[in-house]
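The values are calculated or read from the model by the stated rules, or taken from the named source; none is laboratory data. Nothing here was measured: the structure is a model prediction, and the numbers come from that model. Positions of Cβ are generated from backbone atoms using ideal geometry, with glycine treated the same way; all protein chains shown enter the neighbour counts.
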Amino acid sequence: MLAKKNFIFIFLSIVCMTAIFILSAQNADKSSSTSGFFVNFFLNHFVSDFKSFSLEKQEYIHGLVSFTIRKCAHFSAYALTGFCVSGSFPKFRLKSLNFPKALAICFVYACTDEFHQHFVPGRSCEFRDVMIDTAGALTGILIFSAILYFIHRKNRSSVN
C-alpha cells in the first residue's frame, strides 16, 4: 500500500510533467520569448560591457548563453521530475528495481515530450534533448537516493 508521502510525490511528478508539457507546447516564438527573458537578464547582469561588443560578438555570446540556458532548463526540469518520480515509489532504493523504473519513466516521458515538440510550429524533435533530459532525471534520482541514504544513516546512528 502506498503511503501519503508516495501520493504527494506522484502528484508532484504529475505537476512537473504537466509543466514540461505546457512549456513544450509553446511555439518557437513564445518559447524563445520565455527563455529570452532569462538570457537578457544574464547578459545584462553578468556580462560586463555586453552592449559595447561588436554586433557579431553580441550575437555569438547571445546564442551561446541562449543555448546554455535552454539546455540547463531541460536538465533542471527533468532533475526535479526524476526526484519526484523516485519519491513516488514505496521503499525506493538505488539498488532495487525502482531505480531503473524511475529512470525509464523519465526517459520515456522525455521521448514523448520531444515527439510532441515535433508537431509544435517552429519546434524540433532532438535526441540530444532526450539525453539531456535523461541526464537531468538521473541526477534527480541520485540526489533523492543520497538524501534517503543520509536520512537512513542518521536514523541508524541515533538508534545506536
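When you check S13 against the structure, is it of a type in the set (S, T, N, Q), within 20 Å of D113 (Cβ to Cβ) and touching a Cys at 6+ places or on another chain (Cβ under 7 Å), yes or no? In short, yes.
Screening S76 against (1) over 19 Å from the mean Cα position of the chain (by Cα); (2) under 30 Å from K4 (Cα atoms); (3) of a type outside the set (A, V, I, L, M) leaves a single unmet condition, (1). For region 113-134, the set of residues classified as farther than 17 Å from K30 by Cα and out of contact with any helix residue (DSSP H, G or I) (no Cβ under 7 Å at 6 or more places or on another chain) consists of F115, F127, R128, M131, listed by residue number.
A quick yes/no check of all residues on (1) of a type in the set (V, I, T); (2) under 18 Å from C125 (Cα atoms); (3) touching a Lys or Arg at 6+ places or on another chain (Cβ under 9 Å):
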{"residue": "N27", "(1), (2), (3)": "no, yes, yes"}
{"residue": "A73", "(1), (2), (3)": "no, yes, no"}
{"residue": "T81", "(1), (2), (3)": "yes, no, no"}
{"residue": "S96", "(1), (2), (3)": "no, no, no"}
{"residue": "F107", "(1), (2), (3)": "no, yes, no"}
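Filtering C111, C84 for residues that are closer than 17 Å to F9 by Cα and modelled with pLDDT of 95 or more leaves a single hit, C84. The set of residues from region 56-111 being of a type in the set (A, V, I, L, M) and touching an Asp or Glu at 6+ places or on another chain (Cβ under 8 Å) comprises A77, A110.
Among helices (runs of 4 or more DSSP H) lying entirely in region 1-116, which contain 2 or more residues that are among the β-branched types (V, I, T) and surrounded by fewer than 18 Cβ atoms within 10 Å (Cβ to Cβ)? Break it down into steps so the answer makes sense when it comes.
Values: elements: 4-24, 28-46, 55-87.
Passing ranges, in order: 4-24, 55-87.
For region 1-40, a residue qualifies if it is in contact (Cβ under 8 Å) with a residue 60 or more places away in the chain, of a type in the set (F, W, Y) and under 30 Å from I61 (Cα atoms), and exactly one does: F21.
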